[in-house]
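First the structure, in the form of structure tokens, and then the observations on it.
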Amino acid sequence: MYYRELGDTGLKVSEISFGTIPVLQGSIPVLPDYFNLDEKEALAVMEHAYQLGCNLYDTAIVPEYGDAEIKLGKFAELVGRDNIIISDKARFFGGSEMYQAVEVSCENLGTTPDIYFVHQVDADHEEEVFGRGGALDALAELKAEGKIRHAGVATHYYDILLRGAQDDRVDVLQGSGNLLERGMLDRVREETLFRKKGFLVNKVYAAGLLPARFPVRTLIDFVLSYPVSSALIGLGTKEQVDAAIVRNAKEQETAIPSFEEMFSVLEKEYIPIPCDRCQRCVCPYGTEIHTLFRQYQYFHLGKDYWALKKLGLGIAESARHCQECVEMSCMDACPRKIRIAQEMQKVERLVRDYPIGRKIGD
């Protein structure tokens with residue numbers, strides 16, 4: 001295992017960090033591959049990763065991640081609290097709610113987390129989080145009180161990550177990126193402001209879809225080729241830990257596919273939309289074009305029902321706006337010159353042809 005600096009925090013973290021979603025128990029919507037591990041099984045998997053050098057473990061408040069937070073606290077006691085770095089988070093955007101959430105997390109963990117993120121910040125909650133009395137103010141207060149060591153922002157949106165990089169209250173950022181959705185990581189690499197912040201990358205496997213098409217080592221090496229601190233991988237079995245961490249002594253460095261090479265692999269299955277989710281395509285009607293394109297990809301890669309549920313939320317209106325739009329600023333901003341209006345109609349036809357509840361092939 002290799003280690004990297006976590007920004008300016010003074011911490012050194014393992015290049016591969018442990019995401020605890022798969023070790024939870026309970027019916028939790030965030031669990032993509034349902035392992036349902038009991039406490040003994042969960043601790044064994046986490047300890048296996050620890051023995052291989054993993055020192056950063058990421059979780060979230062109960063009940064969002066089921067009982068994973070409680071299991072992680074027991075694991076910290078098992079291996080010695082000072083031997084691991086705990087990253088925790090909660091989806092509360094106001095200061096009062098965030099302050100209370102951290103206190104609950106400390107109780108669940110039986111210790112204080114090293115990093116605490118305000119989780120899944122989006123445009124609807126951005127001002128509340130960053131504004132006076134918001135979640136970041138609460139985290140700064142908790143840091144001053146010694147209840148957390150470092151404050152963070154976790155989001156899937158580049159503009160919010162950039163705002164976090166500019167904010168002195170933020171020590172660590174958590175964003176998403178992978179071989180398919182590399183656009184945001186490209187922008188992070190270009191912006192020097194991110195160098196002073198720790199940066200954890202999640203969604204490395206694209207909701208578990210990419211390992212069936214590319215070697216796990218390629219997927220991990222890809223994200224680690226960027227100036228980030230750690231690749232955050234959801235791990236639920238010892239075999240998954242080994243696949244992510246163990247490198248055979250004879251194994252050579254993997255060649256990282258270009259976007260075009262990756263695209264050619266997907267073209268063997270369907271006609272993908274050449275979108276890397278750089279998020280430059282700002283729509284005057286507020287449509288998240290890159291998110292709709294992602295759901296289209298995920299539908300064809302195997303997350304059909306989940307993708308359709310997301311796509312079904314306003315796609316007809318979005319497609320109509322796209323047809324009526326004369327500004328087309330999104331196309332001017334797209335570095336890959338995607339014919340966005342045409343692709344949007346394709347996404348709309350997909351939803352129309354496969355209504356939610358209908359099985360593919362019916």
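The values are calculated or read from the model by the stated rules, or taken from the named source; none is laboratory data. Since the model is a prediction, treat every value here as computed from it, not as a measurement. In this analysis, Cβ positions are derived from the backbone assuming ideal geometry, glycine residues included, and neighbour counts consider all displayed protein chains.
Some observations on this one:
- Test result for residue 68, modelled with pLDDT under 95 and either in contact with a Gly (Cβ under 8 Å, 6 or more places away or on another chain) or buried (at least 24 other Cβ atoms within 10 Å of the Cβ) (or both): yes
- Scan of segment 98-138 for residues that are closer than 17 Å to residue 159 by Cα and among the polar types (S, T, N, Q), ordered by number: 120
- Meets criteria (among the acidic types (Asp, Glu), closer than 26 Å to residue 49 by Cβ and assigned by TED's automatic domain parsing to the domain that holds residue 13) for residue 88: yes
- Helices (runs of 4 or more DSSP H) fully within segment 259-351 that include at least 2 residues being under 15 Å from residue 181 (Cβ atoms) and in contact (Cβ under 8 Å) with a residue 24 or more places away in the chain: 259-266, 289-301.
- The set of residues in segment 218-243 that are under 19 Å from residue 259 (Cβ atoms) and among the charged types (D, E, K, R) contains only 221.
- Residue 87 of a type in the set (S, T, N, Q), touching a strand residue (DSSP E or B) at 6+ places or on another chain (Cβ under 9 Å) and touching a residue at least 60 places away in the same chain (Cβ under 8 Å): yes
- Residue ID - farthest from the chain's Cα centre (by Cα), chosen from residues in segment 171-226 that are of a type in the set (Ser, Thr, Tyr) and within 17 Å of residue 21 (Cβ to Cβ): 205
- Whether a residue is at pLDDT 95 or above and surrounded by fewer than 19 Cβ atoms within 10 Å (Cβ to Cβ) was assessed, and residue 78 passes this test.
- Among the residues of segment 285-312, those identified as within 21 Å of residue 162 (Cα to Cα) and surrounded by fewer than 22 Cβ atoms within 10 Å (Cβ to Cβ) are 286, 288, 291.
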